[in-house]
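Some notes on the structure that comes next.
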Amino acid sequence: MSGTLSPPARRTPPGVFVALVLTLAIGWLVVTIDGGRLFSLPTTVSLLHVATGLGIVAVGQTLVVIGGSLDLSVAYVVSLSTLVAAEAMAGGDAALLPAIGLTLAVSAAIGLVNGLLVTAARINPFIATVGVGLLLKGYLDNGYDGPAGKTAPALVQGLGYQRVGPVPLAFLLLLAVAAAAWFVLARTRFGHHLIAVGGDPEVARLSGVRGSRVLVTAHVLCALCAGLAGVYLASRLGAGAPRVGTEGLYDLESIAAVVLGGTALAGGRGGVVGTVGGVLLLASIDAVFNQLDVDVFFKQVIRGVIIIAAVAVYAHRAMRKAS
Amino acid sequence: MSGLLPSPLLALRGIGKSFLGVRVLDGVDLQVAPGEVHAVVGENGAGKSTLMKVVSGVHQPDEGTIEFAGAARTFRSPREAQQAGIGIVHQELALLPERTVAENVWLGREPLRRGLVDRGAMLSHTAGLLASIGEGSLPPDTRVGRLGVAQQQVVEIVKALALDARLLIMDEPTAALADHEVDQLYALVRRLQEHGMGVLYVSHRLKEVFDLSSRITVLKDGRAVATLDTADTSADRLVRHMVGRELSSYYPDRAKPRELGPVRLTVRGAGNRKLRGIDLRLRAGEVLGVGGLQGSGRSALARALFGAAPFSTGQVAVDGAPVRLRSPRAAMRAGIAYVSEDRKGEGIVAEQSVLDNALLAVRAVSAVRPVRAARAVRAARAVSAVRPGRVGHGARTARVRELLAAVELRAAREDQEIRFLSGGNQQKVVLARWLALAPRILLFDEPTRGIDVGARSAIHDLVRRLARDGAAVLMVSSELPELLGMSDRIIVMRDGRIAGELPADATEEDVVALAVGTAREAAG
C-alpha cells in the first residue's frame with residue numbers, strides 16, 4: 001500500500017558502495033599487474049568468510065550505534081561464545097542445537113547486563129561495555145591457555161565449509177541476519193523507537209517512547225549477534241578459541257564497518273545496508289593486501305587511513321548539510 | 001465579546017510556582033475559550049515560559065488549579081498533558097531531522113497491522129491531517145531535516161493534531177520565521193481556530209499579538225497584571241502594562257562628561273549570521289547599555305566583539321588601530337574581556353579552585369600580552385594597586401590575589417572549589433580573572449543574572465569603577481532597571497540590528513517600544 005506515494009525520502013545509497021566498487025576495481029588492476037588473481041575461487045571464498053564473521057558482529061553493532069550507544073565487549077563475547085559452543089558440543093552432533101541455544105543465551109545475558117549498565121545505572125556505554133569486556137577477558141585469560149572443546153562435525157561441514165558455488169553458506173547466514181535487522185529497523189515499533197532514541201532521547205521521551213527498554217533490547221540483540229558470530233567461528237576453527245575475538249579486532253573493526261557504512265556514531269541515522277557495505281569494503285582491502293603480500297603492520301596503517309578519511313568525508317557532508 | 005464565553009476550554013486559577021525560594025508565578029488566573037487565540041505577553045523573566053510549562057505538564061504548580069475541558073486536572077508529565085489534549089509547539093522544535101514527516105508525527109504511537117508498523121496507514125493519516133489544515137502539498141514521506149522552519153512547525157502542529165489536541169500552546173512560534181512564512185503561520189492559526197481549537201500564543205512581537213489574538217494576558221514579575229480584549233487595546237497601553245515599576249535599587253553615579261575619554265572601540269558596518277549593519281562607538285570611561293529582547297542579537301553582539309562568534313563583515317578598530325577579532329584569543333590580545341551571561345557554562349570551571357579560576361586568563365595569554373596594554377594596565381592598577389610588567393608564577397599569583405581582594409571577594413579560602421561560592425562571589429572571581437589582563441574594553445553579558453540583590457550593587461559599583469578608571473564598558477542586560485540605572489547611553493537591538501539609541505534618561509517604555517518595534521526608530 002505504501003507504494004502509492006513516491007518516496008523522495010529514500011536516500012541515495014551510502015558512498016561506501018562506491019568505495020567498495022572502486023577498491024575492487026583498483027585492487028583487481030594492481031593484483032593483475034602484480035601477476036596474481038583477485039577473483040580466483042579461493043580468494044573470493046576467503047573474502048566472503050572474512051566478511052561473514054565481522055559482518056554478523058557489525059550488524060548487531062549497528063543497532064546499538066543507531067540507538068546512540070556502543071558495545072566494546074563484542075570481541076570477548078565472540079571468544080566466549082566459541083568456547084561455550086565447542087565445549088557444549090564436545091565433538092558430537094547430539095548436542096548441536098542445545099549447545100547453540102546455550103551459547104546464544106549466554107550472549108544475550110551479557111547483552112542484558114550491558115544494556116542495564118547503560119540505562120539503569122546510567123554508565124557511559126564506552127566505560128560500561130569496556131568494563132564488561134575486561135571482566136570477560138579476566139575469565140578467559142584465567143581459564144584458557146589455548147583452544148578448548150570440539151565443534152560438532154555437522155556444524156563444521158555445514159556452516160563452516162558448505163558452499164553454494166563460490167558463496168559460503170555462512171555468508172548467506174550473514175545476509176539473513178542483515179535482512180532481519182533491516183526489517184526490524186524499518187517495520188517494527190522497536191526499530192522506529194530505537195532510531196528516535198538515538199536521534200534525540202528528549203524528543204523520544206516527549207513522544208512517549210520508553211528509551212531505556214528500547215536501548216536494553218538493542219544491547220541484547222547486539223550481544224546475540226556476537227554470540228552467533230562465535231558459533232560461526234567455532235564451526236570454522238573446529239574448537240573454541242579464547243583469543244579469536246580480540247585477535248580479529250571484532251570490537252573496533254565492527255564499529256569501523258558501521259561508521260564506514262554511514263551510520264552516525266552519535267546515533268539516529270544509518271542502517272544495516274551500509275554496514276554490510278562497510279564490512280565488504282574492509283574484507284576486500286584485506287583480500288587485496290593478502291594477494292600483494294603486504295606487510296601486516298602497513299596493512300593496519302592503510303586501514304586506519306581509510307577509516308579516518310571516510311569519517312572525515314561524512315563529517316564534511318554533514319556540516320555542509322547543516323549550513 | 002468576552003464574558004459571554006460559555007465554558008472555557010482551559011481555566012487557570014491562582015497558579016503559583018517558586019524555584020529555590022524565588023517566586024516565579026504568583027496567583028495567575030487565565031482562561032482560554034474554544035476557538036480563541038489568547039496571547040500571553042510580558043518582559044523577559046515575567047514568567048511566560050514557566051506558565052506554559054505548567055500548562056503542558058513539564059512543571060507542576062505549587063498552588064492553584066488547572067481546569068481543562070470542564071474537569072480539574074493535574075498533569076504529572078508532558079505525556080499526561082498530551083493525552084488530555086494539550087499540544088505544544090516548542091520554540092526549539094522537538095522533531096527528529098533524520099526521520100520523515102509521518103515518522104515524526106506518529107513517533108511513540110505508530111499504527112500497527114499484524115504487529116508491524118503500518119507505513120501505509122501512517123502516510124495516509126498524515127496526509128489527511130496535513131490536508132485538513134490546508135497543507136496538503138507537504139509530502140508526508142519527506143525527511144524533516146529537508147524542510148524549512150515554517151514547515152517543521154506545521155509538522156509539530158500536525159503532531160499535536162494527531163493527538164487530538166484541543167489546546168495548542170505556541171511558544172514564540174515566529175522567532176525563526178521569515179516574513180512570508182509568518183503569513184503562512186497566521187493562516188494556519190486561523191484555520192485551527194475555525195476548527196474550535198484554543199490557542200495560547202506566547203510572543204514578544206506585539207504586531208502578531210494584535211493580528212491574531214482576541215484577548216491578551218500581560219504577565220509581569222510572575223503576576224497576571226491584566227487581561228485585555230485585543231480590540232479595545234492599543235500598543236502603548238500594552239507596553240505600559242508590561243513595564244511601569246518603580247526604580248527601587250540604588251545605582252552608582254553615571255559618568256560626568258569630563259570623565260569620558262577618547263573613542264576606544266569603533267565598529268563599522270559589521271555583521272555575521274545573527275547581526276547586520278552594526279555601527280557603534282564606545283568611549284573610554286563610559287558604560288554603553290545594550291537592550292533588546294532575547295534573540296534580538298544583544299548577546300550575539302557581545303560574543304562577536306569577543307571573537308566567540310566573530311563578525312564576518314565590517315571593520316573593527318580598537319584605539320584607532322584596525323583589529324580582526326577572529327577568536328577570543330585575538331580579542332584578548334586586543335585588550336577585550338568578556339563576562340558571559342552563562343556563568344556556569346562559560347564563566348567558571350566549577351570543579352577548580354577560586355585561584356585557578358582567577359588565573360585562567362593570565363595563564364592562557366600572559367606571554368602574549370602586547371605592550372600597548374600599558375595604558376590600561378594603569379587603569380587596572382588603580383583597582384588593584386599592583387605593579388605591571390613581567391610576572392613569574394609567584395608574582396602572578398600574588399597579583400591575582402590582590403585583584404581578588406580588590407573585587408571584595410569574600411570567599412572562605414582561595415583553594416576552595418568555585419562551585420561552592422555564591423553567584424555573586426563567582427562573578428567577582430570571573431571579573432578578577434579579566435582584570436588580571438588589564439583589559440581596555442570590558443563586555444558584560446547579564447552581569448548580575450542569578451545574583452542576589454546585595455551582591456548586585458557590589459557588581460554594579462565594580463563595573464562603574466572600572467569605567468571611571470578608563471575602561472570602556474559594554475553591558476548587555478535584559479533587566480530594564482539595571483539597563484537604565486547603569487548606562488550612560490543605551491542601544492536597543494532588534495532582529496540583529498541596532499534599532500535605535502537612547503540617552504541615559506530614557507524610560508522603560510522607550511526601550512520596550514524600540515525592542516518590540518512599535519516605535520519607528522529614529523535615525524539609527
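A few notes on this one:
- Averaged over peptide B:119-129, the number of partner chain Cβ atoms lying within 10 Å of each residue's Cβ comes to 2.
- Unsatisfied cross-links (Cα-Cα over 32 Å) in the set B:LYS48/B:LYS256; B:LYS48/B:LYS428; B:LYS220/B:LYS428: B:LYS48/B:LYS256
- Take every pair of alpha-carbon atoms less than 8 Å apart whose residues are at least six positions apart; their mean separation over the length of the stretch B:157-219 yields a relative contact order of 42 percent.
- Each principal axis of the Cα cloud of the stretch B:258-516 was taken in turn, and the coordinate range along them, longest first, works out to 50, 39, 37 Å.
- Evaluated over the Cα positions of the stretch A:187-246, the convex hull gives a direction-averaged projected area, one quarter of its surface, of 5.5 nm².
- Here, the stretch A:37-322 yields an orientationally averaged convex hull projection of 15.4 nm² when only Cα atoms define the hull.
- Sorted by Cβ density within 10 Å, fewest first, the residues A:THR119, B:THR266, A:THR129: B:THR266, A:THR119, A:THR129
- Span-like helix criteria (full DSSP H runs; alpha carbon extent of at least 30 Å along the helix axis; mean Kyte-Doolittle hydropathy of at least -0.5) are satisfied in chain A by A:41-66, A:96-119, A:211-237, A:296-322.
- By DSSP, the beta bridges lying fully in chain B are antiparallel in about 55 percent of cases.
- Peptide A:207-213 is shielded by partner chain Cβ atoms: per residue, an average of 4 of them sit within 10 Å of its Cβ.
- Among beta bridges from DSSP that stay inside the protein assembly as shown, the antiparallel ones total about 55%.
- For the peptides A:307-313, A:201-207, residues were scored by their other Cβ atoms within 10 Å and the scores averaged per peptide; the highest-first order is A:201-207, A:307-313.
- Normalised by the number of residues in chain B, the average gap of Cα pairs under 8 Å and 6 or more apart makes the relative contact order 15 percent.
- Backbone N within the stretch A:140-165 under 16 Å of label point (7 Å from A:ALA90 Cα along the Cβ vector): A:148-153
- Spatially proximal lysines relative to B:LYS159 (Cα-Cα < 19 Å; intrachain offsets below 8 disregarded): B:LYS53
- Within straight-line reach of B:LYS344, meaning a Cα separation under 14 Å, sit the following aspartates and glutamates at least 8 residues removed in sequence or on another chain: B:GLU417, B:ASP445, B:GLU446.
- The protection proxy used here, the mean number of other Cβ atoms lying within 10 Å of each residue, ranks peptides B:24-32, A:50-58, B:62-70, B:283-291 as follows, highest first: A:50-58, B:283-291, B:24-32, B:62-70.
- By other beta-carbon atoms within 10 Å, ranking B:THR230, A:THR275 with the fewest at the front produces B:THR230, A:THR275.
- Label-to-label distance, nm, for residues given as B:GLU194 and A:TYR139 (7 Å Cα→Cβ offset): 6.6 nm
- Theoretical ellipticity at 222 nm over chain B - DSSP helices of four or more residues, -39500 (n - 2.57) apiece, nearest 500: -10000 deg cm²/dmol
- For A:195-206, mean number of other protein chain Cβ atoms within 10 Å: 5
- Inter-label distance, nm, simple model (7 Å from Cα along the C-beta direction), B:VAL58/B:GLN315: 4.5 nm
- Share, in percent, of DSSP beta bridges within the stretch B:10-242 that are antiparallel, nearest 5: 60 percent
- Relative exposure of A:THR62, B:THR100, B:THR507, judged by other C-beta atoms within 10 Å (fewest first): B:THR507, B:THR100, A:THR62
- Mean Kyte hydropathy of 1.6 or more with a Cα span along the axis of at least 24 Å, helices from DSSP in chain B: none
- Inter-label distance for B:LEU260 and A:PHE183, nm, one decimal - labels placed 7 Å from Cα along Cα-to-Cβ: 7.8 nm
- Over the stretch B:10-242, relative contact order from alpha-carbon pairs under 8 Å, at least 6 apart, %: 30 percent
Every number in this text was worked out from the coordinates using simple rules, so none of it is lab data. Values in this document were obtained by computation on a predicted structure and should not be read as measured data. Because the Cβ atoms are built from the backbone with ideal geometry, glycine has one as well, and the counts that use them run over all protein chains shown.
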